[in-house]
Amino acid sequence: MDGRDTVDVIGSVNSGYKIVNYVDSTGCLSCKLQLPLWNLFITQMDSVYHSDVPVYMVFAPKAVDVREVQYILRRDTFHHPVCLDLADSFNRLNGFPSDEEFHTFLLDGSNKICAVGNPVHNRRVKDLYLRIIRGESPQSPSDAGTPVT
């Protein structure tokens, strides 16, 4: 978020997996973003998966929230790709449900969804993402029969 435009960021990186997280501006933006937790998760993924697993953040702030987003990104030293979607086009195109747990996706190299859920808000989702990235079965024996939320 240094003010530069990017084109087709999500489709331009060809890697095994990528994570896309959509955040709207309803409520406490800093609370929703949890950028320090994302930084920790990204570091953990980098140690598990020896090539980068890109994480793309799509923020749909109201025009008055842009400065707040810039401040939060600097404060939390978040240096990963961020898209400010002022028209909320990403949401309108995808029709996200109101439950924010369904706004984060683990995508494979073909951009097909492998898992849904926010890994920084839910430990079980985090473990699921890491298992998939490591190439393990998405459901470990201890999770058998237990739905992932």
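The values are calculated or read from the model by the stated rules, or taken from the named source; none is laboratory data. All values derive from a computational prediction rather than experimental measurement. When we count neighbours, we look across all protein chains shown, and the Cβ atoms used for this are built from the backbone with ideal geometry, even at glycine. Calculation scope for accessible area: heavy atoms of the full protein, side chains included, ligands and nucleic acids excluded. Shrake-Rupley method; radii C 1.70, N 1.55, O 1.52, S 1.80 Å.
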Item to complete: Evaluate the stretch 49-66: report whether one residue or more is in a strand (DSSP E or B), in contact (Cβ under 8 Å) with a residue 60 or more places away in the chain and either closer than 22 Å to I133 by Cα or open to solvent by less than 50 Å² (accessible area, probe 1.4 Å) (or both).
Response: no
Worksheet item: Conditions: (1) farther than 18 Å from C31 by Cβ; (2) open to solvent by 70 Å² or more (accessible area, probe 1.4 Å). S98 meets all but one. Number of the miss?
Response: (1)
Worksheet, complete the sentence: Picked from the stretch 124-138 (must be in a helix (DSSP H, G or I) and open to solvent by 70 Å² or more (accessible area, probe 1.4 Å)), the residue modelled with the highest pLDDT is R124
Worksheet item: Considering the stretch 83-139 alone, what residues qualify as being at positive phi and free of Cβ contacts under 8 Å to residues at least 40 places away in the same chain?
Response: G95, G117, G135
